[in-house]
Amino acid sequence: MRVIKSFLALTIIFVSHLAQADNNVEQGAQLYKTYCSACHGAQGGMDMSKRVAPPIIAVRMHYIGVYSDKASFVTAVADWVEKQDASKTLMRGAIRKFNIMPPVSVSREDAQKIASYIYEGNVESPPGFDKHYEEMHGKQRGNYGR
Ligand code: HEC
């Protein structure tokens, strides 16, 4: 009986963790819309002269290439949002083109939720992005390194 009870308790803990994780991604999606999408959103498409920042899918791919597991990805993105440190950039070309990202006032906790969403959510990808990525980086990572 005791074994069953602790098994049940563990199952409940596990399931609530999963729900929590989903929740973070969902909240992250909303927070992303509020704090990031004005610059990183679909507007301007792949025409960089009409954009003010790289599309978020491009940010995701550069970060996933270096921080492939979720924990380090979330830390790296949240660190960047907290402090834009040019010596830590993974997108030097973007800094050259757009200048360094201006500070965004968002709590660490919210930045982590946003980063979870960018890592595993369904982020927007401007039409033509896949083609651009293939041209720039070859076909082998067409699934975005995931
Ligand atoms: C006012 C426009 C603007 C907003 C708002 C903005 N960004 Fe950026 N972001 C940029 C620009 C421009 C770049 C490209 C230059 C650079 O890398 O600094 C960039 C680059 C980045 C990078 C790559 C940094 C690097 O160089 O390695 C990350 C990560 C990022 N943004 C995350 C976010 C997140 C998360 C949010 C929302 C909390 C956000 N940004 C909001 C303009 C913005």
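The values are calculated or read from the model by the stated rules, or taken from the named source; none is laboratory data. Remember, it's a predicted structure, so these values are computed and weren't measured experimentally. When we count neighbours, we look across all protein chains shown, and the Cβ atoms used for this are built from the backbone with ideal geometry, even at glycine. Only protein heavy atoms, including side chains, enter the accessible area calculation; ligands, DNA and RNA are left aside. Shrake-Rupley method; radii C 1.70, N 1.55, O 1.52, S 1.80 Å.
For beta carbons closer than 7 Å, sequence separation of 6+ or different chains, a first residue in the stretch 80-92 that is closer than 14 Å to residue 61 by Cα and a second that is open to solvent by 40 Å² or more (accessible area, probe 1.4 Å) and more than 7 Å from the ligand (Cβ to nearest atom), the qualifying pairs are 90/66. Test residue 30 against the stated conditions and say whether it is farther than 19 Å from residue 131 by Cβ and open to solvent by less than 50 Å² (accessible area, probe 1.4 Å). Considered against the rule, which asks whether it is farther than 19 Å from residue 131 by Cβ and open to solvent by less than 50 Å² (accessible area, probe 1.4 Å), residue 30 comes out as no. When the stretch 59-78 is limited to residues that are within 9 Å of the ligand (Cβ to nearest atom) and not hydroxyl-bearing (Ser, Thr, Tyr), the one that is surrounded by the fewest Cβ atoms within 10 Å (Cβ to Cβ) turns out to be 76. Within the stretch 98-116, being more than 9 Å from the ligand (Cβ to nearest atom) and crowded, with 16+ Cβ neighbours inside 10 Å holds for 112, 113, 116.
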